[in-house]
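**Student:** After the structure tokens below, expect a handful of questions from me.
Laboratory data are not the source of any read-out in this text; all were calculated from the coordinates shown. No experiment lies behind these values; they were computed from the predicted model shown. All Cβ positions, glycine included, derive from the backbone under ideal geometry; neighbour counts span all protein chains shown.
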Amino acid sequence: MLHIGCHLSSSKGFLAMGRQALELGADTFQFFTRNPRGSKAKDIDPADTQALMHLMAEHHFAPIIAHAPYTLNLCGKEGENRAFARETMADDLRRMEYLPGQYYNFHPGSHVGQGAEAGAAYIAEALNQILCPEQTTTVLLETMAGKGTEVGRNFQEIREILDQVTLSDKMGVCLDTCHVSDAGYDLINDLDGVLAEFDRVIGLDKLKAIHLNDSKNPRGSHKDRHECIGSGCIGLEAITRIIRHPALRDLPFCLETPNDLPGYAQEVELLRKLAE
Ligand code: FE
Ligand code: FE
Ligand code: ZN
């Protein structure tokens with residue numbers, strides 16, 4: 001069965017997100033660990049996280065994805081900014097242990113002119129300080145569209161980060177379909193080729209989750225503007241091939257489309273039908 005969900009607001013707590021997901025027909029979801037500016041997170045209520053874990057087990061959820069604030073930059077120019085990103089992520093990972101065994105996804109960062117190689121080195125250095133052998137969370141690098149000076153604009157740049165992380169079994173990759181199309185990969189005409197390239201450069205065993213989004217812009221645009229499923233430049237046929245692909249079909253798919261909750265429910269229902 002297709003594992004599909006969408007991005008949800010965490011304002012009402014963890015159990016509320018699980019219930020919300022069920023109402024939408026979802027069996028996974030994503031949420032921001034704190035507001036996008038990266039301010040202080042609310043204290044965790046262990047009864048709330050336990051209740052969510054119970055609901056997830058009962059309803060056979062796939063792993064859920066906690067998304068780091070996208071303003072954090074592990075490879076910024078200022079040491080202070082890098083330290084802030086590192087400390088915030090370390091705090092997120094401590095909190096994630098209240099939800100054992102889930103995913104923590106983050107945008108690798110922007111090298112702001114220092115170069116992708118320097119960026120990858122900073123990111124890996126930070127991960128080597130943050131990750132610990134006892135953690136049960138898998139940290140996912142998200143594939144990026146390549147706007148500005150984003151690191152992770154191709155599979156090679158993701159590989160360069162992974163290669164420098166010591167606790168490599170704590171690391172994985174989340175492939176965002178809007179981002180990889182915007183980055184230039186041909187999901188429409190050559191999905192097999194793109195996945196073969198992913199396997200050659202990174203290894204498909206590292207692929208843990210998919211952000212399933214259509215794109216407002218054509219392949220190679222480097223824009224990162226998500227579109228609703230079937231209304232963008234990737235289109236319904238290519239998206240159907242993605243959710244049915246043998247190398248992908250068992251992964252959790254998470255929608256980050258510009259939708260309200262009824263819109264998400266419709267997309268979940270549509271994709272469940274198309275996956276059959
Ligand atoms: Fe993201
Ligand atoms: Fe994404
Ligand atoms: Zn995006």
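Per-residue answers, yes or no, for (1) touching a Leu at 6+ places or on another chain (Cβ under 9 Å); (2) basic (K, R):
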position: R95; (1), (2): no, yes
position: L99; (1), (2): yes, no
position: P108; (1), (2): yes, no
position: G113; (1), (2): no, no
position: A121; (1), (2): no, no
position: L127; (1), (2): yes, no
position: V139; (1), (2): yes, no
position: M144; (1), (2): no, no
position: K147; (1), (2): no, yes
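**Student:** Still on this structure, I have one more. Could you count how many residues in segment 200-212 are under 18 Å from the mean Cα position of the chain (by Cα) and more than 16 Å from ligand 1 (Cβ to nearest atom)?
**Tutor:** Number satisfying all stated conditions: 5.
**Student:** Moving on to the next point. Tell me which strands (runs of 3 or more DSSP E) are completely within segment 85-203 and hold 2 or more residues being among the aliphatic types (A, V, I, L, M), or say none if there are none.
**Tutor:** Passing ranges, in order: 138-142, 171-176.
**Student:** Residues being under 25 Å from S9 (Cβ atoms), outside any loop (DSSP other than H, G, I, E, B), in contact (Cβ under 8 Å) with a residue 24 or more places away in the chain and away from ligand 1 (no atom under 16 Å from the Cβ): count how many of those fall in segment 213-268.
**Tutor:** Qualifying residue count for the region: 8.
**Student:** Could you figure out which of (1) of a type in the set (K, R); (2) touching a residue at least 60 places away in the same chain (Cβ under 8 Å); (3) within 22 Å of A66 (Cα to Cα) isn't true of K147?
**Tutor:** With respect to (1) of a type in the set (K, R); (2) touching a residue at least 60 places away in the same chain (Cβ under 8 Å); (3) within 22 Å of A66 (Cα to Cα), K147 is out only on (3).
**Student:** Residue check: is H67 within 16 Å of ligand 3 (Cβ to nearest atom) and either crowded, with 21+ Cβ neighbours inside 10 Å or under 30 Å from A47 (Cβ atoms) (or both)?
**Tutor:** yes
**Student:** Name the single residue that is nearest to L140 (Cα to Cα) among those in segment 202-242 being more than 15 Å from ligand 3 (Cβ to nearest atom) and β-branched (V, I, T).
**Tutor:** I202
**Student:** Go through segment 218-234 residue by residue and tally those that are buried (at least 17 other Cβ atoms within 10 Å of the Cβ), closer than 20 Å to G263 by Cα and of a type in the set (G, A, S).
**Tutor:** Adding up the residues that qualify gives 2.
**Student:** Shifting gears a bit: Take segment 20-37 and flag every residue that is of a type outside the set (D, E, K, R), surrounded by fewer than 20 Cβ atoms within 10 Å (Cβ to Cβ) and not in a strand (DSSP E or B).
**Tutor:** Selection gives Q20, L22, G25, N35, P36.
**Student:** Quick check on my filter: what residues within segment 1-48 are under 15 Å from Y103 (Cβ atoms) and more than 20 Å from the chain's Cα centre (by Cα)?
**Tutor:** Once the filter is applied, which keeps residues that are under 15 Å from Y103 (Cβ atoms) and more than 20 Å from the chain's Cα centre (by Cα), segment 1-48 yields nothing.
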